[in-house]
1. So ALA41 passes all but one of these: (1) more than 19 Å from LEU98 (Cα to Cα); (2) in contact with a Gly (Cβ under 6 Å, 6 or more places away or on another chain). Which condition number does it fail?
2. Please find, among ASP68, ASP93, the residue that is surrounded by fewer than 19 Cβ atoms within 10 Å (Cβ to Cβ), touching a residue at least 60 places away in the same chain (Cβ under 8 Å) and not polar (S, T, N, Q).
3. Within segment 84-119, which residues are β-branched (Val, Ile, Thr) and within 24 Å of GLN28 (Cα to Cα)?
4. In the list ALA18, ALA38, ALA43, ALA82, which residue meets the criterion of being farther than 27 Å from THR118 by Cβ and of a type in the set (Gly, Ala, Ser)?
5. Quick check, is ASP50 of a type outside the set (Val, Ile, Thr), touching a residue at least 40 places away in the same chain (Cβ under 8 Å) and part of a loop (DSSP other than H, G, I, E, B)?
6. Taking the condition of being β-branched (Val, Ile, Thr), more than 15 Å from HIS78 (Cα to Cα) and touching a residue at least 24 places away in the same chain (Cβ under 8 Å), how many residues in segment 19-44 meet it?
7. Within segment 106-121, does at least one residue satisfy the condition of being within 21 Å of ALA13 (Cβ to Cβ), at pLDDT 95 or above, in a helix (DSSP H, G or I) and acidic (Asp, Glu)?
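The values are calculated or read from the model by the stated rules, or taken from the named source; none is laboratory data. It should be emphasised that the depicted structure is a prediction, and the values quoted were computed from it without experimental measurement. Ideal geometry is used to build each Cβ from the backbone, glycine not excepted, and the neighbour counts take in all protein chains shown.
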Amino acid sequence: MPTREHCLLSALAEVAWADGVLKPQEAQFFVDVITQLALPADAAAALYRDILATDAPASLDPIHVDEDDRRWILGFGHLMSACDGEVSPSEVDVLRSLARRLGVSWEEAQALFKQADTIRPLVIPAKGNRP
């Protein structure tokens, strides 16, 4: 059974791989999120290995996530889709699918996206401001 972190990051991976390419900004976003989780090195390595592969199976099980997790998945999923400066139609399709699977209306998901946009400068540094 996947860990909670694996489920959450698996959802982000669905967004990142929506267009079939993991862009450098998306990969960096994963690194930043996993770093902030402060996981043991072996757990972090397992997440990188399992989630960042193109053929990684989705492991989001809505039964194992609570309301805060749903908000996190959709908010950070939106930030993932926007971290390269553009949100592709395939990323929107994945976000719609995630919202549906999580039992969140598209209108509520869009409200969460707007909330997530307010923290974008804190989680996605502007180009040229990365250490």
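1. (2)
2. Values: ASP68 fails: touching a residue at least 60 places away in the same chain (Cβ under 8 Å).
Result: ASP93 is the single residue among ASP68, ASP93 that is surrounded by fewer than 19 Cβ atoms within 10 Å (Cβ to Cβ), touching a residue at least 60 places away in the same chain (Cβ under 8 Å) and not polar (S, T, N, Q).
3. Taking segment 84-119 as the starting set, the residues that turn out to be β-branched (Val, Ile, Thr) are 87, 92, 94, 104, 118-119.
Within segment 84-119, VAL87, VAL92, VAL94, THR118, ILE119 qualify.
4. Details: ALA18 fails: farther than 27 Å from THR118 by Cβ; ALA38 fails: farther than 27 Å from THR118 by Cβ; ALA82 fails: farther than 27 Å from THR118 by Cβ.
One residue alone meets the criteria, ALA43.
5. Working: of a type outside the set (Val, Ile, Thr): yes; touching a residue at least 40 places away in the same chain (Cβ under 8 Å): yes; part of a loop (DSSP other than H, G, I, E, B): no.
When the stated conditions are applied, ASP50 does not pass them.
6. So the first thing to find is which residues in segment 19-44 are β-branched (Val, Ile, Thr), and the list is 21, 31, 33-35.
If we keep only those that are more than 15 Å from HIS78 (Cα to Cα) too, we end up with 21, 31, 34-35.
Filter once more, keeping what is touching a residue at least 24 places away in the same chain (Cβ under 8 Å): 34.
Residues flagged as β-branched (Val, Ile, Thr), more than 15 Å from HIS78 (Cα to Cα) and touching a residue at least 24 places away in the same chain (Cβ under 8 Å) within segment 19-44 amount to 1.
7. Within segment 106-121 (the criterion being within 21 Å of ALA13 (Cβ to Cβ), at pLDDT 95 or above, in a helix (DSSP H, G or I) and acidic (Asp, Glu)), the answer is no, since none of the residues qualifies.
One line per residue, one yes/no per condition, for (1) in a helix (DSSP H, G or I); (2) surrounded by 14 or more Cβ atoms within 10 Å (Cβ to Cβ):
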residue	(1), (2)
VAL21	no, no
GLN28	yes, yes
ALA44	yes, yes
ILE63	yes, no
PHE76	yes, yes
GLY85	no, no
